[in-house]
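The values are calculated or read from the model by the stated rules, or taken from the named source; none is laboratory data. The structure presented is a predicted model; accordingly, all values stated were derived computationally and were not measured. Don't worry about glycine lacking a Cβ; one is built from the backbone with ideal geometry, like all the others, and counts go over all protein chains shown. Ligands, DNA and RNA are excluded from the accessible area calculation, which covers all protein heavy atoms including side chains. Shrake-Rupley method; radii C 1.70, N 1.55, O 1.52, S 1.80 Å.
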Amino acid sequence: SDGFEPIRYFREIMRDYPDTILLLNVRNREDWIKSRLKHSHGEFAQRVMRQRNIASTDELAEIWRREWDTHLAEVRAFMADRPEQFIEFDIDRDSVEALVARLAPYGLRAEDWGDIGRTRGVRRHPLVAKLKKLWARVRWRPLD
């Protein structure tokens, strides 16, 4: 396994919090895989490959595709009989305003929404990019 991933525990969350709303965030699968492969300048993917004894990033990407498809199918099937408690939100296509409207009782405000961690399309000065890469390699992190 590639560590603790809370998204895989949706059944337990719904069991322990039966009145909760499950929000499934989705995006273009291939963009998600590319982003995951680049996370921490590729170190995340390398760690997962070591942990799971995977030989190549192509193999890892294919595994992640299957896991993505399986996870979405499982969540959708599990929540099929309680649509009032299930929201699927496509971060590439759906509007924050529609989500806020659906969650009106919670008093959310669309203007409070941001896009933290988004790196798609970001152009950095070459020196900043090098420093970021160096920092990702030298900062302290727990052992696998």
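Inside the range 51-81, residues that are more than 21 Å from residue 6 (Cα to Cα) and not acidic (Asp, Glu) make up a count of 5.
Note on the range 2-12: residues that are over 23 Å from residue 96 (Cα atoms) and either more than 11 Å from the chain's Cα centre (by Cα) or open to solvent by 90 Å² or more (accessible area, probe 1.4 Å) (or both) total 7. Mind checking which residues of the range 48-59 are surrounded by 16 or more Cβ atoms within 10 Å (Cβ to Cβ) and touching an Asp or Glu at 6+ places or on another chain (Cβ under 9 Å)? Of everything in the range 48-59, those that are surrounded by 16 or more Cβ atoms within 10 Å (Cβ to Cβ) and touching an Asp or Glu at 6+ places or on another chain (Cβ under 9 Å) turn out to be 48, 49. On inspection, residue 31 qualifies as touching a residue at least 60 places away in the same chain (Cβ under 8 Å), open to solvent by 50 Å² or more (accessible area, probe 1.4 Å) and not aromatic (Phe, Trp, Tyr).
Please return the ranges of helices (runs of 4 or more DSSP H) entirely within the range 12-106 where 2 or more residues are among the aliphatic types (A, V, I, L, M), on the phi < 0 side of the Ramachandran plot and in contact with a strand residue (DSSP E or B) (Cβ under 6 Å, 6 or more places away or on another chain).
In the range 12-106, the matching helices (runs of 4 or more DSSP H) lie at 57-79.
Among the criteria (1) outside any helix (DSSP H, G or I); (2) within 18 Å of residue 73 (Cβ to Cβ); (3) not charged (D, E, K, R), the one residue 9 does not fulfil is (1). The set of residues from the range 13-28 being farther than 16 Å from residue 86 by Cβ and open to solvent by 70 Å² or more (accessible area, probe 1.4 Å) comprises 16, 28.
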